[in-house]
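Heads up, the thing below is written out as structure tokens.
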Amino acid sequence: MTDKQFGVFLPVANGGWIVSATTPVLDGGWAQNRDAAIAAEQEGFDFVMAMGKWRGFGGVTNHWGASLEPLTMMAGIAAVTRRIKVWATLHAILHNPAVAAKMIATLDHISGGRAGLNIVAGAFRGEFEQMGAWNEKLDHDARYDLTEEWAAIVKRLWREPRVDFDGRYFKFRDCVSDPKPLHRPELICAGMSARGFEFSVCECDGCFIGGRNEGETADASARARALAAELGKPIKTYCMMTVITGETDGEAQAKADKYRLGLDEGAVSGMLQSYGLAGNAMTARAQGAFMTQAAIGSPATCAGKIEAFLRDCDIDGLMFIFDDYLEGVRVTGRQILPALRSAFT
């Protein structure tokens, strides 16, 4: 068995991960997500994950303006699948840790022990201010301090009969949470700042990393492994990868070019503004329609590119994104994953 893991980042919000008006329609609805998850299980993927999003980016496509709540959606996915791991996302500043612990334990029971938790500590002001959840006193590092307490409480509630906790952000007295999960759910986080990176490696089982190029991604993976070694604990590193396939390299490239030409500049500007960056048309065009690194080509070409990426960057797994999810999951599962599993067995 290969130790590489391959998952699908479900299109829980409209538009998916390509910010363009010319991609196949992804509506962020239940049917598309259900069908993609079932197909992912059938085609041998290891996990599916859903992000949490509370406000979109605007533009002509209203990108990510419509989204399903991830945990309740993943409970539905768990009920219609049997093998694949189901990873849901929770925001530490939105969900009380006792509520979070019980929700994920419930997902673990529904799924028969397949639940995982993606912890988000960060916050985009506009997204959280709209619901009164923005705290001016919590700067970036303080949100991770809060999340560190949050994660400690969740993990203790999963294993201890009663929990007392006297922290800076949370006060718990004789708190109980039963039933316990069937297994301790995997914890993952995508913090890439210095403080976020430290939290991800110290408190989680895996961290999502990235970079503007393969060199930066390889460096991030090496730093994660070095810090984990200092702590005497294991860590898995994951990266996101957009896959655009066609019968030939030229056909796949034509698709990618079409999507780039359809760039929704307004939505990209809104996205950059939510990150606290300048969001004008020039920076939007520089950002482009693709939000992650991409493998573009025939299935054989994509398999070769992905294998090289995994080796060069020393990554434990990839979470795939597609332009057309049903087609992408099936083509990748049947014509790309077998080559990757063979290469890493």
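Please work out if Arg114 is surrounded by fewer than 20 Cβ atoms within 10 Å (Cβ to Cβ) and basic (Lys, Arg).
Values: surrounded by fewer than 20 Cβ atoms within 10 Å (Cβ to Cβ): no; basic (Lys, Arg): yes.
Against the criterion (surrounded by fewer than 20 Cβ atoms within 10 Å (Cβ to Cβ) and basic (Lys, Arg)), Arg114 does not qualify.
Out of everything in the range 64-73 that is in a loop (DSSP other than H, G, I, E, B) and of a type in the set (A, V, I, L, M), what residue ends up being nearest to Gln335 (Cα to Cα)?
By that ranking, first place goes to Leu68.
Evaluate the following for Met192: is it in contact (Cβ under 8 Å) with a residue 24 or more places away in the chain, open to solvent by 20 Å² or more (accessible area, probe 1.4 Å) and not hydroxyl-bearing (Ser, Thr, Tyr)?
When the stated conditions are applied, Met192 passes them.
Against the conditions (1) in a loop (DSSP other than H, G, I, E, B); (2) under 28 Å from Gln335 (Cβ atoms); (3) open to solvent by 20 Å² or more (accessible area, probe 1.4 Å); (4) of a type in the set (Val, Ile, Thr), where does Thr61 fall short? Just the number, please.
Just one mismatch for Thr61, condition (2).
Out of Glu214, Glu265, Glu247, Glu230, I need the residue that is open to solvent by 60 Å² or more (accessible area, probe 1.4 Å), free of Cβ contacts under 8 Å to residues at least 12 places away in the same chain and not basic (Lys, Arg). Which one?
Numbers: Glu214 fails: free of Cβ contacts under 8 Å to residues at least 12 places away in the same chain; Glu265 fails: free of Cβ contacts under 8 Å to residues at least 12 places away in the same chain; Glu247 fails: free of Cβ contacts under 8 Å to residues at least 12 places away in the same chain.
The conditions single out Glu230.
Could you say which residue among Ala79, Ala40, Ala88, Ala31 is hydrophobic (A, V, I, L, M, F, W, C), farther than 22 Å from Ile119 by Cβ and open to solvent by less than 10 Å² (accessible area, probe 1.4 Å)?
Details: Ala79 fails: open to solvent by less than 10 Å² (accessible area, probe 1.4 Å); Ala88 fails: farther than 22 Å from Ile119 by Cβ; Ala31 fails: open to solvent by less than 10 Å² (accessible area, probe 1.4 Å).
After ruling out the rest, the residue left standing is Ala40.
Which of the residues belonging to the range 295-309 are buried (at least 19 other Cβ atoms within 10 Å of the Cβ) and aliphatic (A, V, I, L, M)?
Ala295, Ile296, Ala303, Ile306
Quick one: in the range 42-58, which of the residues that are among the aromatic types (Phe, Trp, Tyr) and either over 14 Å from the mean Cα position of the chain (by Cα) or in a loop (DSSP other than H, G, I, E, B) (or both) is nearest to Met271 (Cα to Cα)? Spell out the reasoning first.
We begin by selecting, within the range 42-58, every residue among the aromatic types (Phe, Trp, Tyr); these are 45, 47, 54, 57.
Subset that is either over 14 Å from the mean Cα position of the chain (by Cα) or in a loop (DSSP other than H, G, I, E, B) (or both): 45, 54, 57.
Numbers: Phe45: 30, Trp54: 13, Phe57: 5 Å.
The residue in question is Phe57.
Quick check, is Asp264 touching a Lys or Arg at 6+ places or on another chain (Cβ under 6 Å) and of a type in the set (D, E, K, R)?
Details: touching a Lys or Arg at 6+ places or on another chain (Cβ under 6 Å): no; of a type in the set (D, E, K, R): yes.
In short, no.
Residues Gln335, Gln273: which one is at pLDDT below 95 and either on the phi < 0 side of the Ramachandran plot or small (Gly, Ala, Ser) (or both)? Write out each step before concluding.
Working: Gln335 fails: at pLDDT below 95.
When all the criteria are applied, what remains is Gln273.
Looking at the range 163-204 only, could you name the residues that are among the hydroxyl-bearing types (Ser, Thr, Tyr) and closer than 22 Å to Ala229 by Cα?
Here is the first cut: in the range 163-204, the residues among the hydroxyl-bearing types (Ser, Thr, Tyr) are 169, 177, 193, 200.
Answer for the range 163-204, where residues must be among the hydroxyl-bearing types (Ser, Thr, Tyr) and closer than 22 Å to Ala229 by Cα: Ser193, Ser200.
Looking only at the range 1-16, filter to residues that are part of a loop (DSSP other than H, G, I, E, B) and open to solvent by less than 30 Å² (accessible area, probe 1.4 Å); which one of those is nearest to Ala308 (Cα to Cα)? Lay out the reasoning, then the answer.
In the first step, residues of the range 1-16 are kept if they are part of a loop (DSSP other than H, G, I, E, B); the result is 1-4, 10-12, 14-16.
Imposing the further condition that a residue be open to solvent by less than 30 Å² (accessible area, probe 1.4 Å) reduces the set to 2, 4, 10-12, 14-16.
Working: Thr2: 16, Lys4: 13, Leu10: 24, Pro11: 26, Val12: 29, Asn14: 31, Gly15: 28, Gly16: 25 Å.
Here the residue is Lys4.
The values are calculated or read from the model by the stated rules, or taken from the named source; none is laboratory data. Bear in mind that the values here come from a model prediction, so they are computed numbers and not experimental data. In this analysis, Cβ positions are derived from the backbone assuming ideal geometry, glycine residues included, and neighbour counts consider all displayed protein chains. Each accessible area value is taken on the protein alone, full model and side chains, heavy atoms only, with ligands, DNA and RNA left out. Shrake-Rupley method; radii C 1.70, N 1.55, O 1.52, S 1.80 Å.
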